[in-house]
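Please treat every number below as a calculation from the coordinates, not as lab data. Bear in mind the structure is a predicted one, so any value in this text is a computation, not a measurement. Please note: Cβ atoms are built from the backbone with ideal geometry, for glycine as well, and neighbour counts cover all protein chains shown.
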Amino acid sequence: MSAILRLGDPRLRAVARPVDLAAPELPLAVERLHRALAEFRAEHGFGRAIAAPQLGIDLRLVAMNLGGGPRTLLNPEIVWHGDETFTLWDDCLCFPELLVRVRRWRSISVRHQDEHGQLHLRERLPAAESELLQHELDHLDGVLAVDRADGPDAIVTRADHDRERERYAAMVDR
C-alpha cells in the first residue's frame, strides 16, 4: 500500500512545487496517487481524492475519482469563488479517524492541466466537488482541515460522529 502521511508529519506542511510536464517522475507520481486512493477506498470505504503531498510527493498534483473513473489535475488553482459559504464535517485520508467542521465556498471554478498539458476550466462547480477541491488544493499549500476548524467542538472522532449523527448534523449547514 502507498503510505499516506499521517497528521503531524512535517511534509504535510510544505508548499508543493508546480508540475513540470516533462519531469520523468510525473507518470510514477500519478500512478502512485491513483493507486493510493483506490487502496484507501477499498480499506476505509470512503475517499474521493488525494493530493500529492499526502504521499510526500512535492508536486501540485491531485488525483480524483468521483465515480466516473480516475482523473488527474496538474497545477490546479481556484480562479473564482462565489460569495456563499457553508459548513460541513470534513474528513481526510491523513487522519481518517477524525472529522473537522470547516467553512468552504459553496461554488468555485478551477483551472488545471491534464497529463497531456491540455488546459481545463471547470466552472461553478457544485458544492460537493467544490468543497473537495478546496480541501485538496489546501494540501498543495501545506494547509490541513484541522487548520480550518470552525468554532468550538469543531474536531470530533468519527466514532463519536457516527454514534450521534443527528447531533452533529445539526452543527453544520450540510
* Just need the relative contact order of region 40-81 here, percent rounded to a whole number, with Cα pairs under 8 Å and 6+ apart. => 27 percent
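So for region 1-58, averaging the separation of alpha carbon pairs under 8 Å that are six or more residues apart and normalising by length, what relative contact order in percent results? Don't skip to the answer; put the middle values down first.
Details: 44 pairs, mean separation 30.9, N = 58.
The value is 53 percent.
Compute the signed sum of charges (Lys and Arg +1, Asp and Glu -1) over the other residues within less than 13 Å, Cβ to Cβ, of L121.
Numbers: positive: R111, R122, R124; negative: E77, D114, E123.
Counting the neighbours of L121, the net charge comes to 0.
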* To do: Arrange the peptides 81-88, 140-147 so that the one whose residues have, on average, the most other Cβ atoms within 10 Å appears first.
  => 140-147, 81-88
* Structure fact -> Once the dipole of region 78-126 is set up from charges on Cβ (+1 Lys and Arg, -1 Asp and Glu), the residue from the list L121, T85, L99 lying farthest towards its positive end is T85
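Could you give me D for region 45-87, from Stokes-Einstein at 37 °C and 0.692 mPa s, where the hydrodynamic radius is the Kirkwood radius over C-alpha pairs? Units µm² s⁻¹, please. Walk me through the numbers on the way to the answer.
Details: Rh = 12.3 Å.
Translational D for this selection: 267 µm²/s.
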* To do: Please give the helix 127-140 orientation as an angle from the longest Cα principal axis of the chain, in degrees from 0 to 90, rounded to the nearest 10.
  => 60 degrees
* Sort largest first and round to whole Å: the equivalent ellipsoid semi-axes of region 1-99, each the square root of five times a Cα gyration tensor eigenvalue. => 20, 18, 15
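Considering only the other residues whose Cβ falls under 10 Å of the Cβ of L59, what net charge follows from Lys and Arg at +1 and Asp and Glu at -1? Provide the component values of the computation, followed by the final result.
Working: positive: R17, R60; negative: D20, E25, D58.
Every neighbour counted, the sum reads -1.
Taking K and R as +1 and D and E as -1, what net charge do the other residues with C-beta under 10 Å from the C-beta of F95 add up to?
On the way: positive: R6, R158; negative: D91, E97.
Value of the local net charge: 0.
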* To do: Mind putting a number on the dipole of region 1-115 about its Cα centre? Charges go on the C-beta only, +1 for Lys and Arg and -1 for Asp and Glu, and I need it in Debye to the nearest 20.
  => 220 debye
* To do: Using θ = phi - 60° and the Karplus relation 6.51 cos²θ - 1.76 cosθ + 1.60, list the HN-Hα couplings for region 64-81 in order, rounded to whole Hz, with x at every Gly or Pro.
  => 10, 8, 9, x, x, x, x, 9, 10, 10, 9, 6, x, 8, 7, 10, 7, 9
* Structure fact -> Of all trypsin sites (Lys or Arg not before Pro) in region 100-169, the ones in DSSP coil with at most 15 other Cβ atoms within 10 Å are R124
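Just to confirm the filter: which GluC sites (Glu not before Pro) across region 101-174 are DSSP coil and have at most 16 other Cβ within 10 angstrom of their Cβ?
On the way: sites: E115, E123, E129, E131, E136, E164, E166; in loops: E115, E123, E164.
Answer in residue order: E115, E123, E164.
Which whole-number percent gives the relative contact order of the chain, counting Cα pairs below 8 Å spaced six or more residues apart?
Relative contact order here is 23 percent.
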